[in-house]
1. Taking the range 303-343 on its own, how many of its residues are touching a Lys or Arg at 6+ places or on another chain (Cβ under 9 Å) and either among the charged types (D, E, K, R) or surrounded by fewer than 19 Cβ atoms within 10 Å (Cβ to Cβ) (or both)?
2. Looking at (1) in a loop (DSSP other than H, G, I, E, B); (2) more than 29 Å from Val68 (Cα to Cα); (3) at pLDDT 95 or above; (4) of a type outside the set (Phe, Trp, Tyr), find the lone condition where Leu465 falls short.
3. Testing Val68 on (1) more than 8 Å from the ligand (Cβ to nearest atom); (2) buried (at least 24 other Cβ atoms within 10 Å of the Cβ), one condition comes back false. Which one is that?
4. I'd like the residue in the range 150-176 that is part of a strand (DSSP E or B) and under 23 Å from Leu468 (Cβ atoms) and, out of all such residues, is nearest to the ligand (Cβ to nearest atom).
5. Has the range 21-29 got at least one residue that is of a type outside the set (Gly, Ala, Ser) and part of a loop (DSSP other than H, G, I, E, B)?
6. Say we look at the range 90-103 and pick out the residues that are within 13 Å of the ligand (Cβ to nearest atom) and not in a strand (DSSP E or B); which of these is surrounded by the most Cβ atoms within 10 Å (Cβ to Cβ)?
7. Output the residue which, of all residues in the range 177-197 that are closer than 19 Å to Gly385 by Cα and surrounded by fewer than 24 Cβ atoms within 10 Å (Cβ to Cβ), is nearest to the ligand (Cβ to nearest atom).
8. Please verify whether the range 241-257 includes one or more residues that are surrounded by fewer than 19 Cβ atoms within 10 Å (Cβ to Cβ), within 15 Å of the ligand (Cβ to nearest atom), of a type outside the set (Gly, Ala, Ser) and free of Cβ contacts under 8 Å to residues at least 60 places away in the same chain.
Amino acid sequence: MAELRVVTLAGADSALDEAVVEGFGSGLRGELLRPDDAEYEESRQLWNGVIEKRPALIVRCASVEDVVEAVNFARENDLLLAVRAGGHNVAGTASADGGLVIDLSAMKSIEVDPERRTVRAGAGLTIGELDEETQKHGLATPMGVVSETGIAGLTLNGGIGHLRRKHGLSSDNLISASVVTADGRLLTASEEENADLFWAIRGGGGNFGVVTSFEYRLHPVGPEVMCAFVLYPGDLAGEVLRSVEEYVADAPDEVSPLSFLGRVPRVEDFPGEWHGEQYVAVLAVYAGPVEEADEALRPLRELGDPIVDFSGPMPYAEVQKLLDEDYPDGWRYYWKSVNVGGLDDGVISALMEQAEAAPSEHSTIDVWFQGGAMGRVGADESAFGDRSAPILLGIEANWEGPEDDEANIAWARDCFAGMRRFSDGGVYLNFPGFLEEGQGLMRDAYGKNYERLVEIKNQYDPANLFRLNQNIQPTA
Ligand SMILES: Cc1cc2nc3c(=O)[nH]c(=O)nc-3n(C[C@H](O)[C@H](O)[C@H](O)COP(=O)(O)OP(=O)(O)OC[C@H]3O[C@@H](n4cnc5c(N)ncnc54)[C@H](O)[C@@H]3O)c2cc1C
């Protein structure tokens, strides 16, 4: 009898009867892909080229029922299970060698209610696809700053972007979600229904079930907004970062600056004499009336002689795509993040040294200025946890070929270790590269919320079916 080689939940090699697999596939509305199917190779690829995984089965779900079937099939057959939405998680948790992948990327339903200012969004949507529909009504919900990222993974671990100080995290804007739990039930999670599950999925990642759709609050944004986007010479990094920090202390919530240190890309948009040189960038949107924006953003544009100033009014949906081309599919990526309490001289000189030492010209160190609306949500109001840190550092090793893996991963780790000296430990779980720090990292991220997350995990997923993620290990 023909068999399919698979890997069990515990990681052991095993086999599945082909007839059982056939039966499962024939009951789906979507497709079931196996390694010899024509579409398999493309479907198994993730955004990060470092991650090379070959699942035994990919379920390209077309409906909520498909998701329920797939969860039940994985559980009943003891299969290692991965959940994939936008496929952009840096650690590559959305696939599993020899396992079953629940691929939600075709589930792109979207319904905007402009009267109530809400949107119900299928878990397979990217940020760009969501923004495109909501912007038709001059509305938006906070998302990340690269439009090709999936809304699902991003929201489940928080979600920080250009609207964070005005409207909070993506997860702060959730009204409800539809969740298929490990036992195959379809639940609504909201303040009114399954409130513990709702608390847990707002920051707790993919640990509690498969979210098939998200309902978000919308806010008036754009469609045209003013955007400040300036690159200054790298030797001004200290002054620029200190000035932005001072600016943020009095800035309106409408402005959520993001700075980054890197090397000027060798492309036409940037002056040739600067190609490959260090820069410090400041990028911020004004999430309010365009008439007020010029004055509010001007200080960020006058921090020195710029290398280039791309600032100006532009559609919000375009702002969300400004950084897309810096992150091509299939390049190699390894990221880290750490919260710091401020930008004192020690932090700034460490940042400048580390940026200089990056082996790849595509790598950056990002400085996210936090506070505002995202900072006013209490640490115990959702799983996301403490928001008191004024600054989140993102350490991004981005490079092209496998021959440079070792040097780039070593740089990111070294940079992380160096910057951690300035931190009381907080990290942001949407950014870590591989998951090597394990449970230590989870405790740092969730702080006091960790114990409650374990309790909810025990309730909804005691066997840890949803384990390929920033995992909260059940103790039941
Ligand atoms: C280029 C780029 C830019 C980024 N910019 C930002 C940014 O500005 N702000 C920010 O906050 N983050 C940002 N991120 C990080 C991003 O939020 C995470 O990588 C996130 O995991 C991506 O979501 P995804 O759906 O694409 O991921 P996937 O790789 O598809 O999924 C990641 C994990 O999330 C879980 N998951 C996904 N969907 C579901 C679901 N429907 N139900 C249950 N579990 C699920 C699973 O555990 C899965 O393994 C960026 C990432 C990239 C690659």
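1. 2
2. Status for Leu465: all satisfied but (2).
3. (2)
4. Within the range 150-176, the first condition is being part of a strand (DSSP E or B), and the residues that meet it are 150, 174-176.
This time we only want the ones that are under 23 Å from Leu468 (Cβ atoms), so: 150, 174.
On the way: Gly150: 2, Leu174: 12 Å.
Applying the filter and picking the extreme gives Gly150.
5. Start the filter on the range 21-29 by keeping residues that are of a type outside the set (Gly, Ala, Ser), which leaves 21-22, 24, 28-29.
From the residues that got through so far, the ones that are part of a loop (DSSP other than H, G, I, E, B) too are 28-29.
Checked against the condition, which is being of a type outside the set (Gly, Ala, Ser) and part of a loop (DSSP other than H, G, I, E, B), the range 21-29 yields at least one hit.
6. The residue in question is Ala94.
7. First, the residues of the range 177-197 that are closer than 19 Å to Gly385 by Cα: 189-191, 195-197.
Retained after the next criterion (residues that are surrounded by fewer than 24 Cβ atoms within 10 Å (Cβ to Cβ)): 190-191, 195-197.
Numbers: Ser190: 16, Glu191: 20, Ala195: 18, Asp196: 16, Leu197: 12 Å.
Applying the filter and picking the extreme gives Leu197.
8. No, there is no match, as no residue in the range 241-257 is surrounded by fewer than 19 Cβ atoms within 10 Å (Cβ to Cβ), within 15 Å of the ligand (Cβ to nearest atom), of a type outside the set (Gly, Ala, Ser) and free of Cβ contacts under 8 Å to residues at least 60 places away in the same chain.
The values are calculated or read from the model by the stated rules, or taken from the named source; none is laboratory data. Note that this is a predicted model, so its numbers are computed, not measured. Glycine also receives a Cβ, built like all others from the backbone with ideal geometry; neighbour counts cover every protein chain displayed.
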